[in-house]
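Student: Mind looking over this structure? Questions follow.
The values are calculated or read from the model by the stated rules, or taken from the named source; none is laboratory data. Because the structure is a prediction, the values reported are computed rather than measured. Virtual Cβ from ideal backbone geometry, glycine too; neighbours counted across all protein chains shown.
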Amino acid sequence: MQVVSTIKNLREITKKARRAGQTIGLVPTMGFLHDGHISLMRRARQENDVVVVSIFVNPTQFGPSEDLDAYPRNAVRDKALMVEEAVDVVFMPNVEQLYPDEFTTFVEVEGPMAQVLCGQSRPTHFRGVTTIVAKLFHLVAPDRAYFGQKDAQQVAVIQQMVRDLDFDLQVVICPTVRETDGLAMSSRNTYLSPRQRAEAVVLSKSLFEAREVIAGGERRAGAVAQGIKVRISEVPDAVIDYIAVVDARTLADLDTLTGEVLIAVAARFGGTRLIDNIRVAVSIHEGCSITGR
């Protein structure tokens, strides 16, 4: 495994791979790796000759009052995990490498897609996400890039950027990886106290219950959202940020469920904000089965 910290060294490696006709898979991360990240690496390993993992806590996607300085980091542990997963290249730049003093250019997906859901409370977040991901796509030129379904809005925004800017790569979306009790894996789960950790599972439970309600025939988006709200509100310390029932591709609000539907929630437990979601394919024909994850 090669660990590089400069753009120059990263480009030397990826250009050599492309000249040799090798395919490249990219897994962008902010480090503090968990099984969700590992699932992306394993998928990339199966589908590519060369696997590149980036570890960079991107300051431009954090707001002024968010947890940039406190975001968990453990480079030694991360490297050991990546060795086990047969990662070929790890890109671990410092901030100055990607955002030098003269840096002034940002990539932004305009319109409601980046303004709803997490974009409401984190108005500059997705500009930071698209900028850093665009830079990584440019530097690595991967054939495929791997992201987790847990960050559903991020995935939708990145897919829109790829379409709009004609990036020549495939965005591969991998299923959310969960703890045994259903909580979606996240680096921020480490912030939770034991009580908050026990309470946080209400997010996944409310989503799974919503899926069952839809399987039973409910097609009113408002009714589905209200059921989730009632369920989460049973936990006194959970403060709901949003509950959304939207089109999975455009993130537009729905009145009636049909097609690919994204059901997404965000809530705070103490000072920790967690997100979760499921996708449900709803047939327009009553009585047909649905699928979801």
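Student: Return the residues of region 163-172 that are in contact (Cβ under 8 Å) with a residue 24 or more places away in the chain and under 25 Å from PRO123 (Cβ atoms); say none if nothing qualifies.
Tutor: Correct list: ASP164, LEU165, PHE167, VAL171.
Student: Is it the case that region 55-70 has a residue that's touching a strand residue (DSSP E or B) at 6+ places or on another chain (Cβ under 6 Å) and either farther than 18 Å from MET161 by Cα or polar (S, T, N, Q) (or both)? Give the steps one after another, and end with the answer.
Tutor: Keep residues of region 55-70 that are touching a strand residue (DSSP E or B) at 6+ places or on another chain (Cβ under 6 Å), which gives 55.
Applying the additional criterion that residues be either farther than 18 Å from MET161 by Cα or polar (S, T, N, Q) (or both) yields 55.
Within region 55-70, one or more residues are touching a strand residue (DSSP E or B) at 6+ places or on another chain (Cβ under 6 Å) and either farther than 18 Å from MET161 by Cα or polar (S, T, N, Q) (or both).
Student: Check region 272-281 and report whether any residue there is more than 23 Å from VAL177 (Cβ to Cβ) and without any contact (Cβ under 8 Å) to a residue 40 or more places away in the chain. Walk me through it before giving the result.
Tutor: At the first step, the residues of region 272-281 found to be more than 23 Å from VAL177 (Cβ to Cβ) are none.
No, region 272-281 contains no residue that is more than 23 Å from VAL177 (Cβ to Cβ) and without any contact (Cβ under 8 Å) to a residue 40 or more places away in the chain.
Student: Something else about it: Would you call GLY119 under 19 Å from GLN154 (Cα atoms) and touching a helix residue (DSSP H, G or I) at 6+ places or on another chain (Cβ under 7 Å)?
Tutor: yes
Student: For the condition over 16 Å from the mean Cα position of the chain (by Cα) and either free of Cβ contacts under 8 Å to residues at least 40 places away in the same chain or within 22 Å of ARG43 (Cβ to Cβ) (or both), what is the one hit in GLU179, GLU199?
Tutor: Numbers: GLU199 fails: either free of Cβ contacts under 8 Å to residues at least 40 places away in the same chain or within 22 Å of ARG43 (Cβ to Cβ) (or both).
Going through GLU179, GLU199 in turn, just one is over 16 Å from the mean Cα position of the chain (by Cα) and either free of Cβ contacts under 8 Å to residues at least 40 places away in the same chain or within 22 Å of ARG43 (Cβ to Cβ) (or both): GLU179.
Student: Considering region 204-258 alone, what residues qualify as being touching an Asp or Glu at 6+ places or on another chain (Cβ under 7 Å), within 15 Å of ASN277 (Cα to Cα) and surrounded by fewer than 15 Cβ atoms within 10 Å (Cβ to Cβ)?
Tutor: Matches in region 204-258: ARG249 only.
Student: If you take the residues of region 262-293 that are in a loop (DSSP other than H, G, I, E, B) and β-branched (Val, Ile, Thr), which of them is modelled with the highest pLDDT?
Tutor: First, the residues of region 262-293 that are in a loop (DSSP other than H, G, I, E, B): 270-271, 283-290, 293.
If we keep only those that are β-branched (Val, Ile, Thr) as well, we get 284, 290.
Working: ILE284: 65, ILE290: 46.
Here the answer is ILE284.
Student: Out of curiosity, is ASP151 over 17 Å from the mean Cα position of the chain (by Cα) and of a type in the set (D, E, K, R)?
Tutor: no
Student: Here's a follow-up. Looking at region 70-104 only, could you name the residues that are β-branched (Val, Ile, Thr), in contact (Cβ under 8 Å) with a residue 24 or more places away in the chain and exposed (fewer than 14 other Cβ atoms within 10 Å of the Cβ)? Give the steps one after another, and end with the answer.
Tutor: Taking region 70-104 as the starting set, the residues that turn out to be β-branched (Val, Ile, Thr) are 76, 83, 87, 89-90, 95, 104.
Retained after the next criterion (residues that are in contact (Cβ under 8 Å) with a residue 24 or more places away in the chain): 83, 87, 89-90, 95.
Hits for region 70-104 are VAL83, VAL95.
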